[in-house]
Amino acid sequence: MDQIKIGKFISSCRKERDMTQAALAEKLGITDRAVSKWETGKSLPDSGIMLELCELLEISVNELLSGERIMAESYDKRVEENLIAMRKEIEEKNRQLLNTEIWIGAPATFAGLIMCGMAAYMEMPVWCRCVLIVFALVMILSVAFIAVGIEQKAGYYECGNCHDRYVPTYWQTNLAPHMGRTRYMKCPKCGKKSWQKKVLTKEIDADY
Ligand SMILES: [Zn+2]
């Protein structure tokens, strides 16, 4: 992206709307120094403020990033906004899913361990011990399978080699060695095995 061009474009759009740098800055809740930095091409508006800036300048995000007006673009603005909103929604849903994984997984694993402890140290008939241990194991295992299912569906894994982001199959996820949510898997794109971290979105730039 051409920061100088974008800066000049921001400056000319602002002047078209008879706004001073200070007035624009005030509307965005930032310092006029920040606006001056954009306009001289020293920095880019960050994504959190971009939509609002575009709204004030009556341009689209596409136009802002291109540093010029794009014709026949009016209807695309809606598409863009929808895309950004949709991406946020998906990201949020994935985050909630991963939280669910912890909320199901941690208590069940804990309860299972307590049951195993009881079976090992408390006085009880042998059959009782067996039932308790089997029950605990079944519980831990089924919860682990559910948790992996959630983890596989929520978000993507990023290849450590080519940085491609993809959704692995359930069994690929389940059988892969892991440390937390980072799993050692084979990338379908470059075919190399690497430690792949969990990411919430498909786009590289939208990391949290
Ligand atoms: Zn790869």
Q: Could you please tell me which pairs satisfy a Cβ distance under 8 Å, a separation of 6+ or placement on different chains, a first residue in segment 189-200 that is closer than 19 Å to Asn174 by Cα and without any contact (Cβ under 8 Å) to a residue 24 or more places away in the chain, and a second residue that is part of a loop (DSSP other than H, G, I, E, B) and within 13 Å of the ligand (Cβ to nearest atom)?
A: Lys193/Cys187
Q. For segment 15-105, which fully contained helices (runs of 4 or more DSSP H) count at least 2 residues that are in contact with a helix residue (DSSP H, G or I) (Cβ under 8 Å, 6 or more places away or on another chain) and closer than 26 Å to Tyr156 by Cβ?
A. 47-57, 61-66
Q: Find the residue count for segment 173-186, including only residues that are assigned to a strand (DSSP E or B) and surrounded by 14 or more Cβ atoms within 10 Å (Cβ to Cβ).
A: 5
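Among Met118, Met122, which is the only one that is surrounded by 15 or more Cβ atoms within 10 Å (Cβ to Cβ), away from the ligand (no atom under 16 Å from the Cβ) and among the hydrophobic types (A, V, I, L, M, F, W, C)? Break it down stepwise before answering.
Numbers: Met122 fails: surrounded by 15 or more Cβ atoms within 10 Å (Cβ to Cβ).
When all the criteria are applied, what remains is Met118.
So which residues in segment 173-203 are near the ligand (Cβ under 9 Å from one of its atoms) and either on the phi > 0 side of the Ramachandran plot or aromatic (Phe, Trp, Tyr) (or both)? Walk me through how you get there before you give the answer.
First, pick out the residues of segment 173-203 that are near the ligand (Cβ under 9 Å from one of its atoms): 186-192, 194, 196.
Across segment 173-203, the qualifying residue is only Gly191.
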Q. Which of the residues that make up segment 150-172 are outside any loop (DSSP other than H, G, I, E, B) and either surrounded by fewer than 15 Cβ atoms within 10 Å (Cβ to Cβ) or within 16 Å of the ligand (Cβ to nearest atom) (or both)?
A. Lys153, Tyr156, Tyr157, Glu158, Arg165, Tyr166, Tyr170, Trp171, Gln172
Q) If you take the residues of segment 144-195 that are among the aliphatic types (A, V, I, L, M) and in contact with an Asp or Glu (Cβ under 7 Å, 6 or more places away or on another chain), which of them is nearest to Pro107 (Cα to Cα)? A) Ala147
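Restricting to segment 187-204, give me the number of residues that are more than 23 Å from Glu91 (Cβ to Cβ) and surrounded by 15 or more Cβ atoms within 10 Å (Cβ to Cβ). Talk me through it step by step, then tell me what you get.
Within segment 187-204, the subset more than 23 Å from Glu91 (Cβ to Cβ) is 190-194.
Keeping just the survivors that are surrounded by 15 or more Cβ atoms within 10 Å (Cβ to Cβ) gives 194.
Counting residues in segment 187-204 that are more than 23 Å from Glu91 (Cβ to Cβ) and surrounded by 15 or more Cβ atoms within 10 Å (Cβ to Cβ) gives 1.
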Q | Cross-chain or 6+ apart pairs with Cβ under 9 Å, segment 157-176 first and of a type in the set (Lys, Arg), then more than 8 Å from the ligand (Cβ to nearest atom) and assigned to a loop (DSSP other than H, G, I, E, B) | A | Arg165/Gly155; Arg165/Thr201; Arg165/Lys202; Arg165/Glu203
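Every read-out reported here was derived from the displayed coordinates using simple, explicitly stated rules and does not represent laboratory data. Treat the numbers as computed from the prediction; the structure is a model and nothing was measured. Because the Cβ atoms are built from the backbone with ideal geometry, glycine has one as well, and the counts that use them run over all protein chains shown.
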